[in-house]
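Beneath this line is the structure, given in C-alpha cells, with notes to follow.
Read-outs throughout are calculated quantities, based only on the coordinates presented, and are distinct from any laboratory measurement. These numbers were taken from a predicted model, which means no experiment stands behind them. Here the Cβ positions follow ideal geometry from the backbone for every residue, glycine too, while neighbour counts run over all protein chains shown.
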Amino acid sequence: MSVIELNNLHYHVDDADQRLHIVRGCDLTVNQNESVAIVGRSGSGKSTLLSLMSGLLMPTSGEIKLLGQSLTDLNEDQRAELRAGQIGFVFQDFQLMPAMTALENVMMPMELFDIPNARARALDSLGSLGLAERLNHLPHQLSGGEQQRVAIARAWVLNPKLIFADEPTGNLDQHNAQAIQTRLLDIPRQQEASLVVVTHDPEFAARCDRTLELIDGQLVETQR
Amino acid sequence: MIGIRWFYRALRQGEGRWLFLVLLLASFSLTLVGQIKSNALSAMTYKSEQCLMGDIRIQHTRPLPQSLLDLASNNGLKVAQTRSTQTMLQLNGQFQLVQLTVVDKNFLIQPQGLWVEPNVLSDFGLQLNDRAGIGRTQLPITNTHSLACSTNIFSSFLPNAWITEADFQPLGLISAGSRLTYSVYLQGDRKQTEAFEIALKESNLDPNQLWTLTTKSTLTQDVSQTLQNTLSFLDLAVLTTLLISGLSILIAARVQLTRWFESLLLMRAMGASKRQISSVLVTQLGLLCLISSLLGVFLGMIAFGLSLDTLKGLLGPFEHEYRWDLGLQSIVLTLITLTGFASASYFQHRKAILKGHPQQKATFSNSVIMSLAMGVLSMGLVSLWLVSPKLAFPIVGALVCVLIIFATLAQLTLLALSKLKTKLTRLPKLAVAQLLNQGDLFRIQIIALGSILFLLMMLSFIKNDLVSAWQNSLPENAPNAFLINVQPFEQPEIETLLNAQVSDRISDAVVRGRLTHVNQIPLDIQSLPLGRGQRLAKREANIAMMTELPNHNPILATQKTQLEPDEIEVSVEQGIAELFGLKLGDQLTFSLNGFDVQTRITSLRAVQWQSLKLNFFFILKTPVNVDYGPTYMSNFKVDETQSRSLQKAIKSVSPGALFFDVSAQIKQVKDIMQQASDALSVMFYLALIASILVVFSAIEASSRARWQSWWLLKTLGAKIKDIRGLAHLEFIVLGLISGIVAALIALSSAWAIGHWVFDIKANLSLIPVLMHIGFATVLIWGLSAIHLESAIRLSPKELEQKIKGSR
C-alpha cells in the first residue's frame, strides 16, 4: 500500500527575469514501512520536493496523493488536518519551542489536537529515546543530539503513518548523527510508518530502503 | 567608505527601513507638534493682542516714570501712553458715566473730537457728528471704536470714550484729587518684549510692585491660567511624542543591530579593525538618522501646511509661520534620542562583534536596562531643552519610576507565566509559551507598551480634567449682567422688574468700606505683602450685608464665638484672610461710610472668582442697616434680545443705577478656552497616532519569533483558526497586563501632575480606568490582529519564505 504518490509533478518559480524549474515531471511511490532517502546537490530542490510531498507547498502541475488523498483537492486547512497526527516532521535545526521543556515540546502537538493521555505518551516516547532524565530541561539546556531526539519523540509520539525528515543530522557530529539515523530508521521497522528523508550523508542514504537523487528537477533511482 | 556603500545598498534593499521609519516618525512628530504648538500659541495670543492694543501694558494710579519709558525705548519697544478717568457725558440731554481715555500721539487710535463705543450712539439716539457735553464744553462725536474685547471684565462696565491730549487739556477736568489711571502700551517683537520684561524686573523701578503689568499671556486670570495650562499640556504632548519615539527607537535599533550583527561579525572575522567596525556602525546609524530626520522635518512641514485649514477652523484666524529652526531642533533632538535609546544596544553589539562572539547577541538583558537608563538620561536632557524644569523634572522622575515599575512587573510577569504555563493546556499554554519564547522582547514590549499606554492615559486624564476645570469655571448658566448702585427705596420695584425678565438672579446690599483695625490694632499696610496685598488694603471694597451666607461660597471653617454687644459676625474670603493674616475669632474694625463697625470672624469661605457671580471679600452677617448708606447690587442671566429693553426699564425706575452686560466678555473667555481645549485634542490625537505606530513597531519586532512558531505549528497540522486563536490570546494577555498596570500608574501620576503642576483637582473614578484598560487591550489586540492577519493566512511554505526574507 502506497502512502505517497507523485504523478508528473512540476514546480517552478518565476524569478525576476527567468523561470526556475525546480521540479520537472517527478513520479514517485513510497510504500508503507518503507524508508526513502532523497539526495542531490545543494540547491537541487530536495527540500522543496519534501515540502510538496507533505502538502506544505502546492505544485504548479501534477498530482500528489498523500495517505490516499489528492492534495490538490484540499484547501490549506484540510491539508493541515491531514498532517495533524498522521505525519511527523524532523528538521535540521530541531525547531523546538524555546520556552517549553522537552516534555512540553513532545506534548504540544497532542494538546493542540486534543489527543488524550498526552503526558503519559510523551513520557513513554522520551523514555524510549533515552531522555527520561532530561524531561524538564529547556531546549537551550540540551545538547544538539538531545534536541534532535526530542524532535524525533515529538514526531514519533503520535504514531504517524509517515515521517518527513529534512537533513536531520546536518547539525550533528558523527557520533550523534549515527545515533539519530538509527532512531529514525527504527521507526518504519517498529511501527506501521514510512520515512522520507532528505540528506547529504551518503551513509545515511545507504541505510535507507531506497535512495533517489534529484537531478535537474527529476528523481533518479540510485542503483546499489 | 564601506559604511556609506553598505548604507546605500542596504537602503536600496529596504534594510533598516524599520529604524528609518521610527526616526522619521520622531522627527516628523517633533516638527509637526512644534509647529502646531508654536502656531497654536500664536492663534491663542492673537485675540489677546487685539484686546491689549499692544504687547505689554503697564498701569498705575500715578504717572509712570520717564525711566520706565526710557527702558522700553532702549529695548526697541514702541511706546504709547494714556490716562483714563471716569466722567459724565451729556448725551442728548441725558447723563451717562463713561470711562474717558486720553491718548497720546503714539496710541493706536487718534480721535479727532470724541470717539465713543457704537452702542453709546444707539442707546442715546445719536448720530455721528452730534455733540456730547463734557463739563462746559461740547465736542463732536466724530467716530466710533469697538474694543476687540475687554482686558478686565470688572473694570470695563462703563462705556468707553476716547479723546486726544490736545482736545482734553482745555476741558480742565483734571484737578487735585481726580482719580486717574495711567497706562503705558508697549509694542515690539517677542525678543524685545522678553528682554524688556527681564530688564524691568532687574531695574527695580517698581519696588513695592504696585504697577499692574499685563502681557498677552497674562491678560486676565482666567485666560492666563488657560494659556498657561495649554502651554504646559502642549509641552507635555511634545515630550510624550519624543518619549514614545524613544521607546520605539529602543525596539527598532535592537532589531536593526541584530540584523547587522552577522554581517559585521563576518567583517571582523575577515580582519576588520575596531575602528572600521565602529565606523561602519556609526556611519550606518548616523546616515539613517540624518536622512530620516530630514525627511521627517520635511514631511512634518508638509503635514502642517496641509492641516492649516483645519487648524484655523479649530483655533481661529492666525498668522501662521514655518519655523525652520524647529526643524533643526527636531533633527538634533532625534539624534539625541537615538543616541540615548540605542547607545547601550550599540555598545553591546559592538563589544560582541569585536570579540567575535556569535552567542553574545542572545543575552541582552543588561542592554535593555542600560538602554532604558541611557534613554532616560537623554530624555532628561531634551526635557530641559523643551519644557520648563517645573514640568521636566517630575516627568523624567515619573518616567524613571514608571520604567522601574514596568521592568519589575515584566520580570514578575515572566516568572508568573513560567509557573502558570505548566498548569495550562492547548492554546493558552502555547500563547504563554509564545510570550516566554523571547524573554527580553517580552520585557521590552511590556515596558514600551505599558509606558506608551501610561503616557496616553495620563494625557487623556489630564486633558479631561483640564477641560472640565475650564468648563466648571464658566458654566453655561453663568450670569451675564450686573446691576449696581440701586438705592434701597428703588430695590423692591427693581426686584419685581428683574424677577419678571431674568433668571438666576442674586441681589445683595453692599456698602463701601475699608478694613482699619485687626484686634484693635491699626492695619499696618506696610507690613502686608507687596503688590496685591497692599493694593487691596489701600482701597475701599464692597462689603456685603446679609443674614445668610451665599450658597455658592463653600464654608471652609467656622467658629462659634460669643459676640460683644456691638459686634457683628463677619465671614472672610480665605484668600484675603491669608493675605492679611486673619484668622477665625479675630476682631475686625471696618470704616463704613464714616461709621466704625466692630466685627468678629466666625467663618472663612472659598470663592470662585471666575464664576462671575456676586462675591465679596467680607460679608457682614446682619440685616441691611440703612444707616451705613448701602446700595443694592444684582447679577443675573438675561437673554441677549431682552438686554436693551431691560436696561431702559431699569433706567426709568432707578436713573442712577448702572447696568453692565458682560456677554461679550464671557464669550471672549469662552472662545479662548474652547481654542485651548481644541489644541489639547489635536495634541492628544497626534500622540495617539504616534503611539499606534509604536505599537506596530513592537509587534513587528517580535514578528519573526512568532512566525517561526506559527510555521512549526502549521507544519505539524494546526489550522488557520488555531493560529488565529493563539495570536489573539497572546495579545489579549499582553494588552491586559500592559493596560492594567499602565492605567493604575497613569491615574496616580495624572492626579499628582494635576495637583502639583496644573493646580486642578483630578477626577478619580473607576469607569475611566476600566475604559482605559479596555482601550489598551483592544488597541494592542486590534492592531496585532490587523497586522498579523496576512501572516496567519499564509501556507507553511510561504511563511517559511517570509521568515527567511526577514533575516
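Quick notes
- The per residue volume of the convex hull around the alpha-carbon atoms of segment A:115-224 is 123 Å³.
- In sequence order, segment A:112-120 has phi-based couplings of 4, 9, 6, 8, x, 6, 4, 5, 4 Hz under the Karplus curve 6.51 cos²θ - 1.76 cosθ + 1.60, θ = phi - 60°, and Gly or Pro positions carry x.
- Across peptide A:95-103, the average count of Cβ atoms from other chains found within 10 Å of a residue's Cβ is 6.
- Vicinal HN-Hα couplings computed from phi for segment B:246-255 (Karplus, 6.51 cos²θ - 1.76 cosθ + 1.60; Hz; Gly/Pro x): x, 5, 5, 5, 4, 6, 5, 5, 4, 4
- Sites matching GluC sites (Glu not before Pro) across segment A:132-224 that sit in DSSP coil, with at most 15 neighbouring C-beta atoms within 10 Å: A:Glu192
- Take each residue of peptide A:83-89, count the partner chain Cβ atoms within 10 Å of its Cβ, and average: the result is 3.
- For segment B:54-220, the Kirkwood estimate of hydrodynamic radius, built from reciprocal distances between every pair of different alpha carbons, is 17.0 Å.
- Placed amide H near B:Glu117: partners under 5 Å, 5+ positions off or other chain: B:His145, B:Asn160
- Amide H contacts under 5 Å for B:Arg605, placed H, 5+ residues apart: B:Leu556, B:Val572, B:Glu573, B:Gln574
- Percentage, to the nearest whole number, of Cα pairs in segment B:75-143 over 14 Å apart: 62
- Computed Kirkwood radius, in angstrom, where 1/r is averaged over Cα pairs of chain A: 17.9
- Of the trypsin sites (Lys or Arg not before Pro) in segment B:80-150, those whose Cβ has at most 15 other Cβ within 10 Å and which sit in DSSP loop: B:Lys105, B:Arg136
- Going from the fewest other Cβ atoms within 10 Å to the most, the residues B:Tyr185, A:Tyr11 appear in the order A:Tyr11, B:Tyr185.
- Inverse of mean 1/r across different Cα pairs in segment B:597-643, Kirkwood, Å: 13.9
- Amide H contacts of B:Thr622 (H built 1.01 Å from N, in plane; Pro and chain starts excluded): B:Met546, B:Thr547 sit under 5 Å, all sequence-distant by 5 or more or on other chains.
- Averaged over A:70-81, number of beta-carbon atoms from partner chains that fall within 10 Å: 3
- Cleavage-rule hits, trypsin sites (Lys or Arg not before Pro), segment B:478-557, DSSP coil, Cβ neighbours within 10 Å at most 13: B:Arg539
- Counting beta carbons within 10 Å around each of B:Trp324, B:Trp115 and listing the fewest first gives the order B:Trp324, B:Trp115.
- Every Cα-Cα pair in segment B:503-637 was counted, and those over 25 Å apart are 21% of them.
- Each of B:Ile353, A:Ile115, B:Ile666 was scored by other Cβ atoms within 10 Å of its Cβ. Listed from fewest to most, they are A:Ile115, B:Ile666, B:Ile353.
- Per-residue 3J(HN,Hα) values for segment A:169-179, derived from phi via the Karplus relation 6.51 cos²θ - 1.76 cosθ + 1.60 with θ = phi - 60°, read 10, x, 9, 10, 6, 4, 4, 5, 4, 5, 5 Hz in sequence order (x marks Gly and Pro).
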